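One structure is given here, and the rest of the page talks about it.
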Amino acid sequence: MTSGPFDYTSLLAPGLPVPAVKYTGFPKYNFVGGHNDAEHVPVDHLIASATAVLGREGRTLATYGLESGPLGYRPLREFLVAKLKRDAGISCTADEILITSGSLQGIELINGLLLSRGDTVLVEQVTYFGSLNRLNRLDVKAVGIPLDEEGLRMDALAAALEDHERRGIRPKYIYTIPTVQNPTGTIMGEARRRELLALSQRYNVPIFEDDCYADLIWDGRRPPAIYAMSERGGVIHIGSFSKSIAPALRVGFIVAPWEMLSRMLALKTDAGSGALEQMVLAEYCAPHFATHVPKLTRGLRAKLNVLMEALNEHFGTSAEFEDSKGGIFLWVKLPDNVDTPKLYQAALAAGVSINPGPEWSTDKAYSKSRLRLCFANPSAEQIRDGIAVLAEICRREFGVPVRSANVEKRAKG
Ligand SMILES: Cc1ncc(COP(=O)(O)O)c(C=O)c1O
């Protein structure tokens, strides 16, 4: 017999990821994650939608999957059918949409369907951390393809596909965030989407299109989805309500032919994604989505302006960035001597959280002096103050920027 608290250590499965750190609240200046603007969560309309839909259909909560089956609440899928047609040019039926618990679950289902240990996939050289770390965990090789101001570079992609073919390796998919790329904020134009489809067809490698930010474009105009442009299939599309409405709802979706969805359903072990969220969203979105999004993007654009002004004021020429085309992030290059993982540690101690570049890239050297800033959640005042603090910390640790607000500063030591 042993005494003391039960010890699970010797029972834990091998190969577990590192444990999560305990939540201790958000830092004062929070520039990380994909959080949304609290001011723009449509709370009143969500309350009214919840009351209406529960009053009308609340009793259907008695069955798993409501009365819509395992693909998700049918009115939400029907809303998406109309929205995807109108905005992205996608023609699909409600039976070609699977509602997921956030688009992260979509990523996991697609990975579960296609990937095994040792496989190769092609990804954008800087891309979503959540996708990279899942590939890492699966022991799948993520080969980074460089980007330019229009996203994935086709010359580099063609060379990589050719090289892999020569070596007898068929990548399992090309993962791209073509419509407001995370983290660079670029949009792939229609002609380039066509080139991408041609390469995908030529090398027989499918495209995994992650359109999570497609609603958040400053001028509201987007090219058709790659899914919509493909004449022979070979594209899986995912999207999310996290960025357009609220990430805590955890509602995303996959668009794919039934042959693929039926296999994904067999891997989806949660017996259905949260029903209440789906019901409230469907009730809310049908009448309000189209008017909500432009208000949200106007607010985000204003915050991005504040962020860029603050960076110009406090970092001057030490911070290089391209104005994002939409979304909630700015991807920033600092001078080469700045090590952003180290800057992250020092800044966090001062209450400023940033995403260090190497977490968002397949190329650690290229991204070492880069960082991602999310501007959606902090207020304009927090953005200004947070960037001022970040500049101070960066100067203290790395000697740059030398000037702030046109005042020369000296690094300590
Ligand atoms: C490119 C991309 N895909 C997917 C996700 C996952 O989002 P969610 O699971 O909240 O839909 C994110 C979140 O930030 C993202 O940036």
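The values are calculated or read from the model by the stated rules, or taken from the named source; none is laboratory data. Just so it is clear, the structure is predicted and the values come from calculations on it, not from any experiment. Note: ideal-geometry Cβ built from the backbone for every residue, glycine included; neighbour counts use all protein chains shown. Just so you know, the surface numbers come from the protein's heavy atoms only, side chains and all, with ligands and any DNA or RNA stripped out. Shrake-Rupley method; radii C 1.70, N 1.55, O 1.52, S 1.80 Å.
Being open to solvent by 30 Å² or more (accessible area, probe 1.4 Å) and within 25 Å of Ala142 (Cβ to Cβ) is a description that applies to Ala20.
The requirement of being surrounded by fewer than 17 Cβ atoms within 10 Å (Cβ to Cβ), at pLDDT 95 or above and of a type outside the set (Phe, Trp, Tyr) is not satisfied by Asn355.
For segment 122-142, the candidate set comprises residues that are within 14 Å of the ligand (Cβ to nearest atom) and more than 15 Å from Tyr173 (Cβ to Cβ); within that set, the residue that is most open to solvent (accessible area, probe 1.4 Å) is Phe129.
So, Ser318, is that one among the polar types (S, T, N, Q) and within 23 Å of the chain's Cα centre (by Cα) or not?
no
Within the option set Glu322, Glu259, Glu277, being assigned to a loop (DSSP other than H, G, I, E, B) and open to solvent by 20 Å² or more (accessible area, probe 1.4 Å) holds for one residue only, Glu322.
Cβ-Cβ contacts under 6 Å between residues 6 or more apart (or on different chains), taken from a first residue in segment 282-294 that is more than 17 Å from Ile47 (Cβ to Cβ) to a second residue that is among the acidic types (Asp, Glu) and surrounded by 12 or more Cβ atoms within 10 Å (Cβ to Cβ), are listed as Val293/Asp215.
Just one residue in the set Pro206, Pro223 is in contact with a strand residue (DSSP E or B) (Cβ under 8 Å, 6 or more places away or on another chain), away from the ligand (no atom under 13 Å from the Cβ) and open to solvent by 30 Å² or more (accessible area, probe 1.4 Å); that residue is Pro206. Yes or no: segment 306-318 includes at least one residue that is closer than 23 Å to Asn182 by Cβ, aromatic (Phe, Trp, Tyr) and open to solvent by less than 50 Å² (accessible area, probe 1.4 Å). Yes, the conditions are met somewhere in segment 306-318. Of all the residues in segment 226-256, those that are open to solvent by 30 Å² or more (accessible area, probe 1.4 Å) and small (Gly, Ala, Ser) number 4.
Quick check on this structure: which one of Ile187, Ile169, Ile177 is among the aliphatic types (A, V, I, L, M), open to solvent by 10 Å² or more (accessible area, probe 1.4 Å) and within 16 Å of the ligand (Cβ to nearest atom)? After ruling out the rest, the residue left standing is Ile187. Scanning segment 29-37 for any residue that is more than 16 Å from the ligand (Cβ to nearest atom), under 26 Å from the mean Cα position of the chain (by Cα), at pLDDT 95 or above and closer than 28 Å to Gly185 by Cα turns up at least one such residue. Scanning segment 240-291 for residues that are within 16 Å of the ligand (Cβ to nearest atom), under 17 Å from Leu98 (Cβ atoms) and among the charged types (D, E, K, R) yields Arg250, Lys268, Asp270, Glu277. Candidates in segment 72-121 are the residues that are more than 16 Å from the ligand (Cβ to nearest atom), of a type in the set (A, V, I, L, M, F, W, C) and in contact (Cβ under 8 Å) with a residue 12 or more places away in the chain; of these, the one that is farthest from Pro183 (Cα to Cα) is Ala94. Selection of first residues in segment 31-46 that are under 20 Å from Cys374 (Cα atoms) and among the charged types (D, E, K, R) and of second residues that are at pLDDT 95 or above and open to solvent by 30 Å² or more (accessible area, probe 1.4 Å), restricted to Cβ pairs under 7 Å at least 6 apart or on distinct chains, gives the following pairs, ordered by first then second residue: Asp37/Asn377.
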